[in-house]
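All remarks here apply to the structure that follows.
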Amino acid sequence: MFEREENPKNVMKADIVVGLASYNEADSIDYPTKQSALGLSKYYGDRGVAVINCDNASRDGTEDVFMGTETGDVPKIYITTPPNTPGKGYNFENMFRRIMELDSSVLVCLDADLLSITPEWVKYLAEPILKGYDFVNPVYSRHKYDGTITNNICYPIVYGLFCRNTRQPIGGDFAMSGRFAKHCLLQTWHRTTEEYGIDIFLTMNSITGGFKTCCTGLGAKVHKPSAPKLGPMFIQVVSTAFLTVVRNFELWKDLEEIQEQELFGLQQMDPPQDLNVDRDAIEKQARDGFTEHRAELEQTMSADVYREMVQMFESGNIDISTEQWVTTVYDMIAAFKSSSDQGALIESLKCLYFGRTLSFINKTWDYSNEKAEEEILEQAKLFHARRRYLIDKLES
């Protein structure tokens, strides 16, 4: 989905590239652009470098801000999709193709709304690739209620099924080798992969493709958070995750032992960004969605768990246990495999995701972030312990 490129310094080759994916980020993109350029200049000034902004034809002046940001000797390239084609995955697809043309060995990808990036982030992410790794996931200190899709779906699935302890599989800030970028371009991209599903697609494909992966500590992530996302992100991320699980069944079903990730970068994290949480809004999303999707849920869920959910929602006390949640997610993945309307199936799961999020918030409200993190890990471990339940369903 390439529309137009601006390359004022006519960059033809760049060994290390920082890529910023954006859509209407005029109010924030200057800061990560400056910090990326400082990092490239400070740590890799003797190599060919560039900062690339891959944009979705933003209408707020993102391009003007990016191209007008002072980056010293570090050249900038702007690439955009055609108008009316938003989608983070489209931006990364353009980015991957462009670094192939630039013969880049390292691509560092950063969110365009970052407020916490430092020049050192570039080093923390690029260095493992230069040491022979192919894909680097971030490790942040995050508020216990920031990243609820990560905590309740993406992390436990990657841990439980792919047997990889990757805490932030959709972190948004990562690095990859040119070799892995090429591999990704050769995979089948679903429509949701072209949108917010891109991050989980990359993490899962780095594992199923047999690439060498690790993590790097970046400290606290300060950006524009929401807890939890109420828009299309849930559908896009979860659809991509479930699809990748089903398509790669033969590659993960015989895995058993959890593989820990080597940690580069910061070993001690800063305090997390503060976050406001509206429990009433989350409960309303859960209740309204359950009322709307009861029929679909009855068709896809295990009878006992569905009956427990009905009693729970009708009694007025939403308290979805870890055991109930694991069964629910695995039931949904099994149903997803043969569903004639996979989007509707994921939409029906969303109300229970809100219910599980609310249950976790209520349980951990007075917990420290560290203690809440222990609960998140225990949930992931249960996903791993009960993986045979899903394997049997997918094989039947």
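Checked against (1) in contact (Cβ under 8 Å) with a residue 60 or more places away in the chain; (2) over 15 Å from Thr148 (Cβ atoms), Asp366 meets all criteria but (1). Looking at the structure I just gave you, is Asp366 among the acidic types (Asp, Glu), surrounded by fewer than 19 Cβ atoms within 10 Å (Cβ to Cβ) and farther than 27 Å from Ser396 by Cβ? Yes, satisfied. When the residues of the stretch 68-105 are filtered to those that are under 12 Å from Leu20 (Cα atoms) and among the polar types (S, T, N, Q), the one that is surrounded by the most Cβ atoms within 10 Å (Cβ to Cβ) is Asn91.
Residues of the stretch 262-285 that are outside any loop (DSSP other than H, G, I, E, B) and closer than 18 Å to Thr118 by Cα: Phe264, Gly265.
Within the stretch 46-61, which residues are more than 23 Å from the chain's Cα centre (by Cα) and either at pLDDT below 95 or within 22 Å of Arg4 (Cβ to Cβ) (or both)? Of everything in the stretch 46-61, those that are more than 23 Å from the chain's Cα centre (by Cα) and either at pLDDT below 95 or within 22 Å of Arg4 (Cβ to Cβ) (or both) turn out to be Ala50, Arg59, Asp60, Gly61.
Scanning the stretch 365-381 for residues being within 20 Å of Glu257 (Cα to Cα) and either out of contact with any Phe, Trp or Tyr (no Cβ under 6 Å at 6 or more places or on another chain) or assigned by TED's automatic domain parsing to the domain that holds Thr148 (or both) gives a total of 6. The residues of the stretch 1-20 that are touching a strand residue (DSSP E or B) at 6+ places or on another chain (Cβ under 8 Å) and either surrounded by fewer than 14 Cβ atoms within 10 Å (Cβ to Cβ) or under 14 Å from Ala181 (Cβ atoms) (or both), listed by number, are Arg4, Glu5, Glu6, Pro8, Lys9, Ala14, Asp15, Ile16, Val17, Val18, Gly19.
So how many residues does the stretch 300-322 have that are exposed (fewer than 13 other Cβ atoms within 10 Å of the Cβ) and on the phi < 0 side of the Ramachandran plot? Counting residues in the stretch 300-322 that are exposed (fewer than 13 other Cβ atoms within 10 Å of the Cβ) and on the phi < 0 side of the Ramachandran plot gives 7.
Of all residues assigned to the stretch 126-144, at least one qualifies as being of a type in the set (Gly, Ala, Ser) and more than 27 Å from Asp15 (Cα to Cα).
Can we say Phe249 is at pLDDT 95 or above, over 29 Å from Tyr140 (Cβ atoms) and not assigned by TED's automatic domain parsing to the domain that holds Phe383?
Details: at pLDDT 95 or above: yes; over 29 Å from Tyr140 (Cβ atoms): yes; not assigned by TED's automatic domain parsing to the domain that holds Phe383: yes.
Yes; evaluated as a whole, the condition is true for this residue.
When Glu314, Glu375 are screened for being farther than 30 Å from His143 by Cβ and without any contact (Cβ under 8 Å) to a residue 24 or more places away in the chain, only Glu314 passes. Checking each residue of the stretch 178-192 against the condition of being buried (at least 22 other Cβ atoms within 10 Å of the Cβ), in a loop (DSSP other than H, G, I, E, B) and assigned by TED's automatic domain parsing to the domain that holds Ala21 gives no match.
Checking Thr150 against (1) within 26 Å of Asp274 (Cα to Cα); (2) in a helix (DSSP H, G or I); (3) in contact (Cβ under 8 Å) with a residue 60 or more places away in the chain; (4) hydroxyl-bearing (Ser, Thr, Tyr), which test does it fail? So the condition that Thr150 fails would be (3). Among the residues of the stretch 115-128, those that are among the aliphatic types (A, V, I, L, M) and crowded, with 24+ Cβ neighbours inside 10 Å comprise Ile117, Val122, Leu125, Ala126. Of all residues in the stretch 114-132, those being small (Gly, Ala, Ser) and either in contact with a strand residue (DSSP E or B) (Cβ under 6 Å, 6 or more places away or on another chain) or within 17 Å of Asn53 (Cβ to Cβ) (or both) number 2.
The values are calculated or read from the model by the stated rules, or taken from the named source; none is laboratory data. Model, not experiment: these values are computed from the prediction. Here Cβ is always computed from backbone atoms with ideal geometry, including for glycine, and neighbour counts include all displayed protein chains.
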